[in-house]
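Everything on this sheet refers to the single structure shown next.
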Amino acid sequence: MSTRNHEPVTVDRLRATHCARRKEIRARLREFDQIFQSGSDAQLWEEMVYCIFTAGASAASGFAAVKAVRPLLDSGSRAALTRALRKPPAYRFHNVRAEHIVSTRSYLRKEASMRLRDKLMSFSDQIERRDWLARNPQIKGLGYKEASHFLRNVGFKGYAILDKHIVRCLSEIGVIDSPKPPTSRSQYLNAETSMRNFSNQVGIDFDELDLALWSMRTGRILK
């Protein structure tokens with residue numbers, strides 16, 4: 001069983017981890033690619049909901065919450081979603097996240113007829129694509145970290161998921177100054193650029209680097 005590792009992160013340990021888990025990491029990235037290439041728009045919507053649920057919560061909590069509401073994602077009411085999320089194992093943010101889902105779904109129906117793949121592909125600039133998700137007041141519950149998380153999970157490349165695990169690792173190595181996650185767009189973009197430069201310096205693919213660092217802290221390679 002995988003366990004959390006709290007040893008200080010070093011470049012040597014990072015390289016060793018990446019080498020040891022490279023096949024697993026690349027297999028996970030291929031799974032993300034497959035979602036975008038052959039998954040339905042309903043699957044992309046489910047991935048967005050998963051990322052809404054994982055904001056401020058664990059991946060395991062997000063998985064459980066998605067499972068609880070899966071039959072309701074297409075048309076379930078806020079009340080129905082809330083009831084489903086309150087059943088054991090209860091999801092902590094059942095009221096507000098139910099509202100996020102209903103509100104975001106309503107907007108995406110009007111804006112894109114829920115054709116998420118087409119909408120995401122309509123952006124020629126990757127920063128603009130993420131800004132549409134993270135800065136759009138009609139899309140609830142996705143800041144820069146979770147917008148990046150969603151885009152990575154559906155096969156887009158080049159987005160850093162700067163959660164507490166990744167940020168602490170980058171801080172320990174000296175890539176960024178603060179061990180605290182960025183709280184503004186400019187901070188996020190600056191940290192992401194630093195991470196990209198570091199990726200080039202150590203010769204580890206940017207998207208693989210994210211998963212390697214996350215696995216060093218959590219012991220797992222999840223979505």
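The values are calculated or read from the model by the stated rules, or taken from the named source; none is laboratory data. No experiment lies behind these values; they were computed from the predicted model shown. With ideal geometry, Cβ positions are generated from the backbone for all residues, glycine too; neighbour counts draw on all protein chains shown. Please note that ligands, DNA and RNA were not included when accessible areas were found on the heavy atoms of the full protein model with its side chains. Shrake-Rupley method; radii C 1.70, N 1.55, O 1.52, S 1.80 Å.
Filter region 46-86 for residues that are hydroxyl-bearing (Ser, Thr, Tyr) and at pLDDT below 95; which is surrounded by the fewest Cβ atoms within 10 Å (Cβ to Cβ)?
Ser58
Checking Glu99 against (1) within 27 Å of Gly158 (Cβ to Cβ); (2) open to solvent by 40 Å² or more (accessible area, probe 1.4 Å); (3) part of a helix (DSSP H, G or I), which single condition isn't satisfied?
For Glu99, the exception is condition (1).
Looking only at region 128-151, which residues are open to solvent by 20 Å² or more (accessible area, probe 1.4 Å) and among the hydroxyl-bearing types (Ser, Thr, Tyr)?
Selection gives Tyr144 alone.
How about region 159-187: which of its residues are farther than 22 Å from Thr54 by Cβ and touching a residue at least 40 places away in the same chain (Cβ under 8 Å)?
Matches in region 159-187: Glu172, Ile173.
Residues of region 186-206 being under 15 Å from Leu162 (Cβ atoms), charged (D, E, K, R) and open to solvent by 20 Å² or more (accessible area, probe 1.4 Å), which ones?
Arg196
Of the numbered conditions (1) more than 24 Å from Arg28 (Cα to Cα); (2) out of contact with any Ser or Thr (no Cβ under 8 Å at 6 or more places or on another chain); (3) at pLDDT 95 or above, Gln138 satisfies every one except a single condition; which is it?
(2)
Residues of region 117-127 being open to solvent by less than 30 Å² (accessible area, probe 1.4 Å) and farther than 22 Å from His100 by Cα, which ones?
So the first thing to find is which residues in region 117-127 are open to solvent by less than 30 Å² (accessible area, probe 1.4 Å), and the list is 120, 123.
Answer for region 117-127, where residues must be open to solvent by less than 30 Å² (accessible area, probe 1.4 Å) and farther than 22 Å from His100 by Cα: just Phe123.
Ile221 fails exactly one of the following numbered conditions: (1) farther than 23 Å from Gln37 by Cβ; (2) at pLDDT below 95; (3) of a type outside the set (Asp, Glu). What is the number of that condition?
Result: Ile221 fails condition (1) only.
Yes or no: Tyr159 among the aromatic types (Phe, Trp, Tyr) and farther than 26 Å from Glu192 by Cβ?
Judged against the criteria, Tyr159 is not a match.
Do the conditions hold for Ser77, that is, is it under 15 Å from the mean Cα position of the chain (by Cα) and hydroxyl-bearing (Ser, Thr, Tyr)? Full working, then the answer.
Values: under 15 Å from the mean Cα position of the chain (by Cα): no; hydroxyl-bearing (Ser, Thr, Tyr): yes.
For Ser77, the condition - under 15 Å from the mean Cα position of the chain (by Cα) and hydroxyl-bearing (Ser, Thr, Tyr) - is not met.
Confirm whether Leu142 is aliphatic (A, V, I, L, M), in a loop (DSSP other than H, G, I, E, B) and touching a residue at least 24 places away in the same chain (Cβ under 8 Å).
Criteria met by Leu142.
Name every residue in region 107-116 that is open to solvent by 50 Å² or more (accessible area, probe 1.4 Å) and either assigned to a helix (DSSP H, G or I) or under 19 Å from Gly158 (Cα atoms) (or both), in order of residue number.
If the condition is that a residue be open to solvent by 50 Å² or more (accessible area, probe 1.4 Å) and either assigned to a helix (DSSP H, G or I) or under 19 Å from Gly158 (Cα atoms) (or both), then Arg109, Lys110, Glu111 are the ones that fit.
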